[in-house]
Amino acid sequence: MARYLDAIIAGFGGQGVMLIGNLLAYAGMKDGLNVTYIPVYGPEMRGGTANCTVVLSEEEIGSPIIHSPVSLIIMNRPSLDKFQPRLKDGGVNIINSSLIDMELADADRVKCIAVPCNEIADKLGNTRMANMVALGAFIEATGIMSLQPVIDSLPNVLSERYHKLIPANTDALKAGAEVAAKA
């Protein structure tokens, strides 16, 4: 069976949701997959809910629009409320348990993985890398690709002034993957 995965990534504006969606798309291309990436910007960019969709497939992609995703990365409670009901039965839901009560997760219907993204990022020295922790967990949990194409794509999505943070972002990706591997 051909590799296929679609995802909605959602959180507050400023949590780096668009960045990790873009990174996932670049990594998919590096890994030889067809990709689509659609950022959803609105007036709530800083502080409100922001989301993006990513489709990764070995086959041609018929539509970049996802109504019922196979997977989610959820960084805050409003995003959980909005997107969890749309997740396909048996799908994978990466949940930032730093900001979301896991009792709200629909663990009977889908595979929910609690990842304390903010705490892990804090321990690594930068809370702003919580998004990378979540993406690392997502890559491990879904198995769509190895972590290496994601790491290799960091220079493509981080502006040059942030290239000095590539090692720290790599550590955050690996830390997230470790959490998901244990789940």
Would you work out the relative contact order for the stretch 131-178, in percent, from Cα pairs under 8 angstrom that are 6 or more residues apart?
-> 66
What is the set of long-range amide H partners of SER97 at a cut-off below 5 Å, with H atoms built 1.01 Å from backbone N?
-> VAL115, CYS117
Residue-normalised 222 nm signal for the chain, counting each DSSP H run of n ≥ 4 as -39,500 (n - 2.57), nearest 500 deg cm²/dmol, is -11500 deg cm²/dmol
Amide H partners (placed H, <5 Å) of VAL110, local residues excluded | GLY90
Net charge near GLU103 (other residues with Cβ under 14 Å of its Cβ; Lys, Arg +1; Asp, Glu -1) is -3
Lysines near LYS111 by alpha-carbon distance under 20 Å, same-chain residues fewer than 8 away left out - which ones?
-> LYS82, LYS88, LYS182
Within a Gaussian network of the chain (alpha carbon springs, distance under 10 Å), most fluctuating of GLY136, GLY62, GLY11 | GLY62
Of ARG161, ARG77, ARG86, which has the largest mean-square fluctuation in a 10 Å C-alpha GNM of the chain?
-> ARG161
With N denoting the number of residues in the stretch 63-170, provide Rg(C-alpha) divided by 2.2 N^0.38 Å, to two decimal places.
-> 1.12
On each of the three principal axes of the Cα atoms of the stretch 68-129, give max minus min coordinate, whole Å, ordered largest first.
-> 36, 18, 17
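Determine the relative contact order of the chain: mean sequence separation of Cα pairs under 8 Å and six or more apart, normalised by residue count, in whole percent. Mind showing how you got there, number by number?
Working: 387 pairs, mean separation 40.3, N = 183.
That works out to 22 percent.
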For the chain, alpha-carbon Rg and Dmax in angstrom = 14.8, 44
Most mobile listed residue (LEU33, LEU23, LEU72) in the chain, GNM with C-alpha springs under 10 Å | LEU33
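Each reported figure results from applying straightforward, stated rules to the coordinates on display, with no laboratory input. Because the structure is predicted, anything quoted here is derived from the model rather than measured. So basically every Cβ, Gly included, is an ideal-geometry build from the backbone, and we count neighbours across all protein chains shown.
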